[in-house]
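Enquirer: This is the structure, below, for whatever I ask next.
The values are calculated or read from the model by the stated rules, or taken from the named source; none is laboratory data. Given the structure is predicted, the values throughout are model-derived calculations rather than measurements. Note: ideal-geometry Cβ built from the backbone for every residue, glycine included; neighbour counts use all protein chains shown. We work out accessible area using only protein heavy atoms, side chains counted, and drop any ligands, DNA or RNA first. Shrake-Rupley method; radii C 1.70, N 1.55, O 1.52, S 1.80 Å.
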Number of protein chains: 2
Amino acid sequence: MKTVAIVGVGLIGGSFGLALRKAGFTGELLGVSSGPALEAGLQSGAISSRATLEDAAGTADLIYLSQPVDRILQTLETLGPLTRPECLVTDAGSTKVAIVQKASEYLPPGVFLGGHPIAGKEQRGVQAADPDLFRNRVYVLTPIDPQTQLSGEFRHWLSRIGSNVIQMSPSEHDATVAFTSHLPQLISTALAVTLAKRNQASLAEVFGSGLLDMTRLALSPPDLWLSILATNQAGIMAATGAFLDSFTELRESILTGDPAHLFEAAAQFAGKLRNPASTKQGDGFANSL
Amino acid sequence: MKTVAIVGVGLIGGSFGLALRKAGFTGELLGVSSGPALEAGLQSGAISSRATLEDAAGTADLIYLSQPVDRILQTLETLGPLTRPECLVTDAGSTKVAIVQKASEYLPPGVFLGGHPIAGKEQRGVQAADPDLFRNRVYVLTPIDPQTQLSGEFRHWLSRIGSNVIQMSPSEHDATVAFTSHLPQLISTALAVTLAKRNQASLAEVFGSGLLDMTRLALSPPDLWLSILATNQAGIMAATGAFLDSFTELRESILTGDPAHLFEAAAQFAGKLRNPASTKQGDGFANSL
């Protein structure tokens with residue numbers, strides 16, 4: 001793996017370039033992105049030179065797609081006729097079924113490896129890129145075919161930049177993040193919408209740190225989320241439906257005076273999230289419900 | 001105001017004692033609480049001596065009830081026959097209608113002033129007490145009758161410990177915190193319950209900081225919350241009903257592909273919460289919905 005092309009030099013792509021450098025990668029880091037992003041990426045060392053997608057496809061061993069989901073889908077179509085069968089294409093998109101499907105339609109077989117680093121921060125853009133963004137973070141891979149030398153090399157670099165690689169199928173990935181990422185986002189947004197609609201001055205005066213925690217995700221940029229939501233409708237319907245059931249059960253338990261067991265199960269699960277060593281399948285979260 | 005009795009020497013009561021001292025209060029700080037809490041309070045200087053509730057009622061100018069809501073309700077009944085008409089009784093309970101009602105039944109007229117400091121932290125107990133806990137925080141007072149010299153003195157001390165005093169009626173307070181405090185708590189608990197019920201190992205592996213934010217409140221101690229919920233059922237039904245409407249609207253907008261306007265309204269409101277200078281009634285949050 002001598003030449004890497006980063007398509008979309010933003011927070012994730014820029015961090016990937018910086019992380020590779022910090023881990024000892026000495027090859028070429030081509031950047032395919034907008035003019036200002038390339039300029040900032042060159043300055044920070046996240047990329048070593050500019051390229052067009054055509055040039056990148058002609059020379060890169062690894063093509064790393066770190067754009068929003070809708071842009072990744074478009075890039076895969078464009079890459080189709082340009083991609084050499086001996087390269088590896090991977091992505092960092094937040095949903096996987098639609099992207100893996102699109103790649104199977106447009107790219108040569110054995111070339112594509114779906115990925116999703118569970119990492120990020122509130123700031124966007126290559127200016128916020130961080131060589132340690134992936135350190136001690138889960139990096140999901142959704143392998144379909146590729147057991148090539150290049151895919152082995154890529155996994156090796158993921159370890160060297162500190163990621164904890166987990167394998168799951170695209171559909172398992174999307175079903176999981178519907179609960180752990182998309183549902184929390186939608187809840188935060190709906191909470192902020194509820195208070196906004198109320199349009200009452202005291203709501204913005206009489207509040208504590210809890211409301212700030214619960215509305216932080218509501219600050220997320222809508223444009224990134226629209227294509228995530230559009231490509232995981234089934235998973236999101238399942239997760240939001242399950243949440244509506246739990247929320248309604250909790251709401252009714254207040255009227256009957258018996259919410260204690262739900263509070264205890266919730267506190268237990270929230271505690272386990274923060275103590276992953278003791279979290280494994282079948283450890284009885286659901287037993288107490 | 002020479003003698004203050006703090007009934008319930010925990011995080012809030014202990015912080016109130018430390019804050020008074022830091023602000024220059026030189027009188028007696030009586031503590032009425034469990035043995036270990038009194039011991040810790042004496043060591044940290046949050047109180048200056050132990051007392052029974054009877055002794056405190058007989059000598060204190062200000063009686064500060066900083067217990068959980070259900071305990072405050074019990075203490076008001078006990079205080080009834082003990083309270084001298086020339087003292088001021090106030091509380092720090094998280095709901096106000098039930099407490100103000102109980103005080104009006106059991107205490108002499110003009111003695112009680114309901115209060116709620118919008119301050120706290122994750123740790124409990126006087127060991128976590130902090131003289132700056134109330135600094136730059138809202139402190140709601142729900143005055144019914146008392147325009148006494150003592151109530152004026154108490155307000156003066158609230159200013160000196162750095163609180164931002166806001167007045168509202170008990171019912172307005174409870175309706176407001178139903179949206180800004182009780183609703184976020186219930187949402188966080190219901191989210192954690194949803195994931196706990198799913199009982200799937202990958203849910204505790206593939207998640208980022210967003211899920212941690214959204215489940216922090218779910219760690220709250222159930223015992224504190226049960227009496228809060230029980231004393232604000234009407235407010236909570238209104239707030240949870242409004243949230244169910246917003247969440248359902250957002251969920252359906254994903255199927256129709258048009259959640260952008262809800263994301264934008266939510267981001268706008270969440271931004272205003274963090275920039276209170278620009279937040280005032282009728283500034284048009286609801287207009288964009």
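Enquirer: Considering only DSSP beta bridges with both partners in the protein assembly as shown, what is the antiparallel share in %, to the nearest 5?
Expert: Expressed as a percentage, antiparallel bridges in the protein assembly as shown total about 15.
Enquirer: Sticking with this structure for a sec: When the dipole is taken about the Cα centre of the protein assembly as shown, and only Lys, Arg (+1) and Asp, Glu (-1) are charged at their Cβ, what size is it in debye, to the nearest 20?
Expert: Working: 42 positive and 52 negative charges, 221 e Å.
I would put it at about 1060 debye.
Enquirer: For B:LYS121, list the lysines whose Cα falls under 26 Å from its own Cα; do not include residues on the same chain fewer than 8 positions away.
Expert: A:LYS121, A:LYS272, B:LYS22, B:LYS96, B:LYS272
Enquirer: What does the convex hull of the Cα atoms of the range A:145-278 come to per residue, in Å³, rounded to a whole number? Present the calculation step by step, with values, prior to reporting the outcome.
Expert: Numbers: hull volume 24.3 nm³, N = 134.
Output value, Cα hull per residue: 182 Å³.
Enquirer: Right, something else. Of the candidates A:LYS22, A:LYS272, A:LYS197, which one comes out as most mobile in a Gaussian network treatment of chain A with C-alpha springs shorter than 10 Å?
Expert: Result for chain A, Cα springs under 10 Å: A:LYS272 fluctuates most.
Enquirer: Using modelled amide H (1.01 Å from N, peptide plane; none on Pro or chain starts), what sits under 5 Å from the amide H of A:ILE166, excluding residues fewer than 5 places away?
Expert: A:TYR139, A:VAL140, A:LEU141
Enquirer: Between B:ALA234 and A:SER34, what is the FRET efficiency for a Förster distance of 51 Å, r being their Cβ-Cβ separation, to the nearest 0.05?
Expert: Working: r = 53 Å, r/R0 = 1.04.
With a Förster radius of 51 Å, E is 0.45.
Enquirer: How much space per residue, in cubic angstrom, does the convex hull of the C-alpha atoms of the range A:1-136 take up?
Expert: Numbers: hull volume 13.3 nm³, N = 136.
Given the Cα convex hull of the range A:1-136, per-residue volume reads 98 Å³.
Enquirer: Could I ask something else about it? Please state the charge dipole magnitude for chain B, taken about the Cα centre, from unit charges on C-beta atoms (+1 on K and R, -1 on D and E), reported in debye and rounded to the nearest 20. Don't jump to the answer; show the numbers that get you there.
Expert: On the way: 21 positive and 26 negative charges, 114 e Å.
The dipole of chain B has a size of about 540 debye.
Enquirer: Where the Cα atoms of the protein assembly as shown are projected onto their three principal axes, how long is each span, largest first, in whole Å?
Expert: If we take the Cα atoms of the protein assembly as shown, the spans are 89, 48, 42 Å.
Enquirer: Which listed residue (A:MET168, A:VAL140, A:ILE236) has the Cα farthest towards the positive end of the charge dipole for chain A, taking +1 on Lys and Arg C-beta and -1 on Asp and Glu C-beta about the Cα centre?
Expert: A:VAL140
Enquirer: Shortest first and in nm to one decimal, what separations exist between B:PRO221 and its copies in the other chains, measuring from label points 7 Å along the Cα-to-beta-carbon line?
Expert: Listed shortest first, these distances are 4.3 nm.
Enquirer: Here's something else I'd like to know. Using 5 Å bins from zero, what percent of all Cα-Cα pairs in chain A falls into each bin?
Expert: Binned Cα distances yield the sequence 1, 5, 10, 14, 17, 15, 12, 9, 7, 5, 3, 1, 0, 0.
Enquirer: Using a Gaussian network model on chain A with a 10 Å cutoff between Cα atoms, which of A:PHE207, A:PHE154, A:PHE179 fluctuates the most?
Expert: Among A:PHE207, A:PHE154, A:PHE179, the largest GNM mean-square fluctuation belongs to A:PHE207.
Enquirer: Further, regarding this structure: With a 1.4 Å probe, what is the total accessible area buried between chains B and A, in Å² rounded to the nearest 100?
Expert: On the way: alone 15320 and 15310 Å², together 21890 Å².
In total, chains B and A hide about 8700 Å² from solvent.
Enquirer: Once the label point is set 7 Å along the Cα-to-beta-carbon vector, what list of distances in nm do you get between B:PRO108 and its counterparts in the other copies?
Expert: Copy-to-copy label distances at B:PRO108, shortest first: 9.4 nm.
Enquirer: Kirkwood hydrodynamic radius for the range B:78-173: how many Å is it when counted over pairs of different Cα atoms? Could you put the intermediate results ahead of the total?
Expert: Details: mean 1/r = 0.0708 Å⁻¹.
Here the Kirkwood hydrodynamic radius works out to 14.1 Å.
Enquirer: Using the beta-carbon distance between A:ALA260 and B:ARG274 and R0 = 35 Å, what value does 1/(1 + (r/R0)^6) give for FRET efficiency, to the nearest 0.05? Write down the numbers at each step before the final one.
Expert: Values: r = 34 Å, r/R0 = 0.96.
The formula returns an efficiency of 0.55 here.
Enquirer: Given a 1.4 angstrom probe, I'd like the percentage of the accessible area of the protein assembly as shown that is carbon and sulfur, rounded to a whole number.
Expert: On the protein assembly as shown, the fraction of accessible area on carbon and sulfur atoms equals 50 percent.
Enquirer: Something else about it: P(r) tail for the range B:124-196, what percent of Cα pairs lie past 18 Å? Kindly include the intermediate steps, with their values, before the conclusion.
Expert: Working: 1578 of 2628 pairs.
Distances greater than 18 Å cover 60 percent of the Cα pairs.
Enquirer: Roughly how big is the range A:71-192's charge dipole about its Cα centre, with Cβ charges of +1 (Lys, Arg) and -1 (Asp, Glu), in debye to the nearest 20? Show your work: numbers first, answer last.
Expert: Values: 10 positive and 11 negative charges, 50 e Å.
The calculation lands at about 240 debye.
Enquirer: Between A:ASP258, A:ASP91, A:ASP130, where does the largest GNM mean-square fluctuation fall for chain A, given springs only between Cα atoms within less than 10 Å?
Expert: Maximum fluctuation in the GNM of chain A, among the listed residues, is at A:ASP258.
Enquirer: Taking only protein heavy atoms into account and a 1.4 Å probe, give the accessible area per residue of chain B in Å².
Expert: Working: 10940 Å² over 289 residues.
So chain B comes to 38 Å² accessible per residue, rounded to a whole number.
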